DNA sequence: CTGTTAGCGCTTTCAG
DNA sequence: CTGAAAGCGCTAACAG
């Protein structure tokens, strides 16, 4: 069914290796021979077998991207940039949509192992996940994006999550809020941990503590359900900091459901500044991470590693996080 | 760097082929030998090279999924289901995020060609795209999901787009609307074409025509900009049908921007019923496609083809589209 | 400039 | 039950 270089060679009346050379743009091939071969290849609609090629070249020209839930709009935005950057550099992109908990390594491994990819971007590593180093040991370059893992000797790109959390706290305090709630992300996500940490530190500087706190997934549903709970407390918070924008959307929805006005009765701050945060209906005040820049930086670090242009210690790139003020925050 | 079956063989004191058999669960291998080999493999942290394996087995255990813009939440929802279904069947999943216009075949091909994948789900084919049949000719099974292409001899899964468009029209007419606008999708998307067609037919049955129409991408921005235009007309529509939910979100945003109340001053109907449509802040009335069922059906059809269990004529599966009534529609 | 030759790492006969 | 040997389709020396 599939045609090979042999078939093309026979058709063009040359040797198999000449076909390979001609099709790969080897300058030594005579122009007429090349034309002959290209014509033959076209006639037989030849296409190179990628397995055979990578077997010998030891490269797959493929990058793996590990994300948590593709359904969370945060990831598609990241993937979009990564994809463009890798395509530009001649790599194709494989998306793996898995929850990368510590224990899942065995299930995850076979997917990417066996040199199926030349490098991996991990955007969903959980604290304590050991598989990151495993890749590294296999000699497969890895970069962590938007996540940190203790003791992994790989490149990583993050934003200043503690700083971002602090800014959120300071902002709310300055607006006069005193009863402030926190809806955090999964305990084993470094981002969730650091944002909460910074937030607490910011409140502490004003002599405050988190009035009510809940922890859940980075989902709309989590934000929705926990917010309903907070708002039903005897002394509900006048402001809520959500660990990411999608949680914040859930918070806004819960408030609307309860007939509580934002920002008049409740101020809300999210984190990430995904595109939707700027939509008119949300107008979400949020802590902005420079997503595109971060993704680009991650892609470039990985490509450098793959091409072996650099031999350096693992780096940790930290991008600043700034408050993006919109319509969901106001004076207490 | 990478260990091979040879290394394991040497370590275990057996032949290379026995290692292969043992690791692939060949029942003929003696239990003790197998244990020996497994231990050796573990010690050397051996992992099978996927290129070498597919070269000989002629399979990659990989499925390609072709989508338009991953940033459009419609796709992630589809991908999520597809991914689960394929994983269950033992396939890994490669996501290709490309605009699949007719002319782009050459750029797109090398990505998936060369038997890099065992089968392909195409969820973004544009009318007139010839590459669909090209895959088919290469002997690579293909299924079209949510898209139709004329004269392609492949399986396809769609919803009743004309029927859905008609339902939207009938609903608005019955609510008493007479000046009704349409914000459509790209002209070369079969879904956009069919939904508009059905919508017109529905209006025609009530002796009406589309009062104002605009056409654009399946994006928030398109909905936003065109809606601003429609609302600034001398006699703006009292209802708008958007070709998909994301466009409809743009419409809602534009209305809010203009201080126009939904549904009191403007009724809005979308299409797809993606998860966000049900969020409190949107409460979007929309035409529901059974996305999960459609994705599952597509996955199963493709798997059947790949495993060669069926040899049948290309089928066209049509799922019903129903109105999901929420808060963005009311009487004129 | 082109043909011959040797593998890449694996699965799969074919012997024994 | 295990080893030897062939070969998947390609690239990359090595000759000429």
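Any read-out appearing in this document is the output of simple, stated calculations on the displayed coordinates, not a laboratory observation. Treat the numbers as computed from the prediction; the structure is a model and nothing was measured. Cβ placement follows ideal geometry from the backbone for every residue including glycine, while neighbour counts extend to all protein chains displayed.
How shielded is A:50-62 by partner chains, expressed as the average number of their Cβ atoms within 10 Å of its Cβ atoms? Intermediate values should be presented prior to the final figure.
On the way: counts 12, 15, 6, 3, 7, 8, 2, 1, 4, 1, 3, 3, 3.
Whole-number average of other-chain Cβ neighbours for A:50-62 is 5.
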> How many angstrom separate the Cα center of region B:120-146 from the Cα center of region A:167-182?
Replying inline: 53
> So what is log10(I(q)/I(0)) for region B:223-294 at q = 0.15, 0.20, 0.24 1/Å, when the Debye sum runs over its Cα atoms only?
Replying inline: -0.45, -0.75, -1.02
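Under the definition of Cα pairs under 8 Å and six or more residues apart, what whole-number percent is the relative contact order of chain B?
The normalised contact order for chain B reaches 16 percent.
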> Once the Cα gyration tensor of region A:255-307 is found, what semi-axes does its equivalent ellipsoid get, as square roots of 5 times the eigenvalues, in whole Å, sorted largest first?
Replying inline: 37, 9, 8
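Sort A:48-54, A:211-217 for me by packing, meaning the mean count of neighbouring Cβ atoms within 10 Å per residue, highest on top. List each step's numbers first, then the result.
Values: A:48-54: 20.3, A:211-217: 18.1.
So the peptides A:48-54, A:211-217, ranked by packing, come out A:48-54, A:211-217.
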> Is there a simple number for the mean count of other chain Cβ atoms within 10 Å of the Cβ of residues in B:70-77, and what is it?
Replying inline: 5
>> Please report, for residue A:25, the nm distances (one decimal) from its label point, 7 Å out from Cα along the beta-carbon direction, to the equivalent points in the remaining copies, shortest first.
In response: 4.4
>> So for region A:8-51, averaging the separation of alpha carbon pairs under 8 Å that are six or more residues apart and normalising by length, what relative contact order in percent results?
In response: 40
> Taking the alpha carbon gyration tensor of chain B, what are the square roots of 5 times its eigenvalues, largest first, to the nearest whole Å?
Replying inline: 51, 20, 16
> residue B:256 label points, 7 Å along Cα→Cβ, one per copy: pairwise distances from this copy to the rest in nm, shortest first?
Replying inline: 0.7
> So what are the radius of gyration and Dmax for the Cα set of region A:161-289, in Å?
Replying inline: 12.8, 35
> At residue A:229, label 7 Å along Cα→Cβ: distances to the other copies, nm, ascending?
Replying inline: 4.8
>> I'm a student and want to see the number: the projected area of the Cα convex hull of region B:131-207, averaged over all directions, in nm².
In response: 5.6
> In degrees between 0 and 90, to the nearest 10, how far off the longest principal axis of chain B does helix B:161-174 point, with axes built from Cα atoms?
Replying inline: 30
> Per residue of B:246-252, how many C-beta atoms from partner chains lie within 10 Å of its own C-beta, taken as a mean?
Replying inline: 1
> Once the Cα atoms of helix B:220-231 and of chain B are each reduced to a long axis, what angle between those two axes, in degrees from 0 to 90 to the nearest 10, is obtained?
Replying inline: 10
> Could you list, bin by bin from short to long, the percent of Cα-Cα pairs of region A:5-57 in 10 Å steps?
Replying inline: 27, 57, 17, 0
> What value does region A:212-256 have for Rg/Rh, both radii from Cα atoms and Rh as Kirkwood defines it?
Replying inline: 0.92
> Taking neighbour counts of Cβ atoms within 10 Å as a proxy for exposure, in what order, fewest first, do A:226, A:279 appear?
Replying inline: A:279, A:226
> What is the helix-to-structure angle for B:74-88, meaning the angle in degrees between its Cα long axis and the longest Cα principal axis of chain B, kept from 0 to 90 and rounded to the nearest 10?
Replying inline: 30
> Say we join alpha carbon atoms closer than 10 Å with springs in a Gaussian network model of chain B; which of B:74, B:249, B:282 then has the biggest fluctuation?
Replying inline: B:282
> When the C-alpha atoms of the protein assembly as shown are aligned to their principal axes, what extent does each axis show, in angstrom, from largest down?
Replying inline: 74, 68, 50
